[in-house]
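> What follows is a structure written as structure tokens; I'll ask about it next.
The values are calculated or read from the model by the stated rules, or taken from the named source; none is laboratory data. All of these numbers come straight from a predicted model, not from anything done at the bench. So basically every Cβ, Gly included, is an ideal-geometry build from the backbone, and we count neighbours across all protein chains shown. Surface areas here come from the heavy atoms of the whole protein model, side chains and all, with no ligands, DNA or RNA. Shrake-Rupley method; radii C 1.70, N 1.55, O 1.52, S 1.80 Å.
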Amino acid sequence: MQWFALVSTVVGAAIATGSAMLLDRQRWKRERLDRETQARRTLYGEYLARLSAARHACGNLARDPDMEPSTRRTTAREAFGPCIGLRYQMTISAPGRVVEASEDAFRRLRDLRDRVMEGALVTDAAYLEGRRTYDDALAALRATM
């Protein structure tokens, strides 16, 4: 009878310990997934904001026909610069399909920036085409995110 009580206690303790370990592991996985999701959301939001700011700056430059070419080039490069670091963060943090879409949007924005640096204005066909391709790539990126 004493052995039965001892065995019951040991089995009960093993079940309780195993259950606690299983629950802790599940909670750890859920919390890790939540942290990763939040980190991606933050990165995605920051990346989209930087792309938007650079696109907006390019639009402002393209609206100013009187700007000096050297000033236009420098301002366009400076506006686009912050996107570069986040581009690399995207490549190591995002899933492959998001990386592909983010690379496409980055390249389309870089093409638009280059057109603006060359002197394209908002009414020029080259600018309008670059803006359209960038907008399409950005919409695809948002949908993928």
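> In segment 45-56, is there at least one residue being modelled with pLDDT under 95 and among the basic types (Lys, Arg)?
No, segment 45-56 contains no residue that is modelled with pLDDT under 95 and among the basic types (Lys, Arg).
> Any idea which of Ala94, Ala143 is under 20 Å from the mean Cα position of the chain (by Cα), open to solvent by 20 Å² or more (accessible area, probe 1.4 Å), within 30 Å of Arg35 (Cα to Cα) and not hydroxyl-bearing (Ser, Thr, Tyr)?
Sole residue among the options that is under 20 Å from the mean Cα position of the chain (by Cα), open to solvent by 20 Å² or more (accessible area, probe 1.4 Å), within 30 Å of Arg35 (Cα to Cα) and not hydroxyl-bearing (Ser, Thr, Tyr): Ala143.
> Here is a further query. Can you pull out every residue in segment 97-127 that is surrounded by 15 or more Cβ atoms within 10 Å (Cβ to Cβ), part of a helix (DSSP H, G or I) and of a type in the set (A, V, I, L, M)?
Correct list: Val98, Val99, Ala101, Ala105, Leu109, Leu112, Val116, Met117, Ala126.
> Right, another one. What are the pairs, 6+ residues apart or on separate chains, where a residue within segment 25-51 that is touching a residue at least 24 places away in the same chain (Cβ under 8 Å) has its Cβ under 8 Å from a residue that is open to solvent by 80 Å² or more (accessible area, probe 1.4 Å)?
Listed by first residue and then by second, the contacts come to Leu43/Gln89; Tyr47/Gln89; Leu48/Arg142.
> On to the next question. In segment 52-79, what residues are assigned to a helix (DSSP H, G or I), of a type outside the set (A, V, I, L, M) and either closer than 23 Å to Val99 by Cα or without any contact (Cβ under 8 Å) to a residue 24 or more places away in the chain (or both)?
Ser52, Arg55, His56, Asn60, Ser70, Thr71, Thr74, Thr75, Arg77, Glu78
> In segment 67-80, what count of residues is obtained for those that are surrounded by 11 or more Cβ atoms within 10 Å (Cβ to Cβ) and more than 12 Å from Ala57 (Cα to Cα)?
2
> What tally of residues in segment 81-90 results from selecting those that are open to solvent by 50 Å² or more (accessible area, probe 1.4 Å) and either free of Cβ contacts under 8 Å to residues at least 12 places away in the same chain or out of contact with any helix residue (DSSP H, G or I) (no Cβ under 7 Å at 6 or more places or on another chain) (or both)?
2
> Does segment 28-45 contain any residue that is of a type in the set (D, E, K, R), within 22 Å of Arg113 (Cβ to Cβ), assigned to a helix (DSSP H, G or I) and open to solvent by less than 100 Å² (accessible area, probe 1.4 Å)?
So far as segment 28-45 goes, no, none of its residues is of a type in the set (D, E, K, R), within 22 Å of Arg113 (Cβ to Cβ), assigned to a helix (DSSP H, G or I) and open to solvent by less than 100 Å² (accessible area, probe 1.4 Å).
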